[in-house]
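Inspection log for the structure reproduced underneath, given as structure tokens.
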Amino acid sequence: MIRQAALSVLATPPVLAVLRRRALKDDPVTILCYHTLAPDTGGADGWTALRAGDFRAQLSYLRRAYDIVDLETALEGSPEGGRGRRPRAVLTFDDGDRGLHAHLLPILRETPVPVTIYVATEQIEEGRPFWFDRVVNALQGAGEIEVGDLGRFRLPGGGGKAQWAAIRPILQALKATPPADRERLADLVVAQGGPAPSPALGPMTKDQLADLAAHDGVTIGAHSHGHELLDQIPLAAAEASVARSRDALRDWTGQEVRHFAFPNGNHSAALRDMVMRLGFASAAILEERTAPRGCDPFALPRLSVGRYDDATRLKLRLVGI
């Protein structure tokens, strides 16, 4: 309660204005990382599935407080140092979930803003959700599961932050396992879980992706083929995955694919050099900070925004609190 009261004080207009001036004085670009949008009622309850109504409210605030620009414009920088103009924000989405076609596209038709969507292509090609979405789909209810040597996990049920707090350690434990074991362990989790919610987390079709990509203001970026954690596999395999996703997206959408995002934000100097060598203009990572002027375009930091960020929390995260 004390923490919530302190956050409420920090989010009051006079205090927030001071925090904004401090955070934005050097004209950084605020790059936000979303994943998918979900219906306001029903569907999967998990961090990555932001309710469409909540996104509309966030978008309304962002449009009042920022100039929402495309990634290419953000990369051009500000020769005047940003004096006399509003701060800039970039909206990005990762993975390629079907909720982007079902919920984001109608919002973009009503409120045209530029977005970049980083798509991992294997789940679209195969029509099967990635392991992490299958796990979240399966763990919506209460119960206990045993995940091999990773141990037992208890799920409270009921959705919301408490449920996510129980699911997240399972996902983190699976990410830390060797890639060869991860799919097997994820299937073990799914076998012990319940039925998937409706609508479940899962990929767009190729036709839905092409429909979304054809909308003015939508830029399609690559996100690897199999959403591999690229620093956990040989560099040659990582390069093959990134190139495969770029080529598939080019074929499916007719767009040049100039931008890349590292799955889970995992990156290294060798991986950044590899992405540059493949001809991309930028690569995005995940870090809780804005992108300063002159930052490495192949390590663009992004702030992750999820289902449990209420309006107060989002405003404070935008200013580094």
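Taking every C-alpha pair closer than 8 Å and separated by at least 6 residues, the mean separation divided by the residue count of the chain gives a relative contact order of 23 percent. Residues whose amide H comes within less than 5 Å of that of LEU300, counting only those at least five positions distant or on another chain, are ALA283, ALA284, ILE285 (H built at 1.01 Å from N in the peptide plane). Sorted from greatest to least, the principal axis extents spanned by the alpha carbons of region 1-114 come out as 42, 42, 23 Å. Sparse packing (at most 14 other Cβ atoms within 10 Å of the Cβ) combined with a DSSP loop state is found for the following GluC sites (Glu not before Pro) in region 1-93: GLU80. Residues whose amide H comes within less than 5 Å of that of ASP27, counting only those at least five positions distant or on another chain, are absent (H built at 1.01 Å from N in the peptide plane). Annotation note: GluC sites (Glu not before Pro) in region 232-311 located in DSSP loop regions with a Cβ neighbour count of at most 10 within 10 Å are GLU288.
Our summary of shape: the Cα atoms of region 220-306 have principal axis extents of 33, 29, 28 Å, ordered from largest down, in whole angstrom.
The H on the amide N of ARG88, modeled in the peptide plane, is under 5 Å from the matching H of THR30, ASP67, each at least 5 residues off or on a different chain.
In region 131-192, Cα pairs under 8 Å separated by at least six residues give a relative contact order of 40 percent.
Applying a length cut-off of 24 Å (Cα extent along the axis) and a mean Kyte-Doolittle floor of -1.0 to the DSSP H helices of the chain leaves 235-253.
Of interest is the spacing of the C-alpha centroids, which for region 1-67 and region 295-316 amounts to 8 Å. Along the charge dipole of the chain, which of GLN172, VAL69, THR312 sits closest to the positive end, that is, farthest toward it, with unit charges on the beta carbon of Lys, Arg, Asp and Glu (+1, +1, -1, -1)? Of the options given, the answer is THR312.
In whole angstrom, how far apart do the alpha carbon centroids of region 99-117 and region 200-248 sit? Taking the Cα centre of region 200-248 as reference, the centre of region 99-117 is 18 Å away. Extent of region 131-192 along its three principal axes (Cα atoms, max minus min coordinate, largest first): 32, 17, 16 Å. Can you tell which of GLY127, GLY294, GLY193 shows the greatest fluctuation in a Gaussian network model of the chain with Cα springs below 10 Å? Looking only at GLY127, GLY294, GLY193, the largest GNM fluctuation is found for GLY294. Calculated translational diffusion coefficient of region 71-194 (4 °C, 1.567 mPa s; Stokes-Einstein with Kirkwood radius over alpha-carbon pairs) equals 74 µm²/s. What the Cα atoms of region 147-292 give is an Rg and a Dmax of 17.7, 48 Å. Across all C-alpha atoms in the chain, the radius of gyration and Dmax reach 19.5, 58 Å.
Every number here is computed from the coordinates shown, using simple stated rules; none is lab data. Note that the structure is a prediction, hence the values are computed from the model and not measured. Note that we place each Cβ from the backbone using ideal geometry, even for glycine, and neighbour counts take in every protein chain shown.
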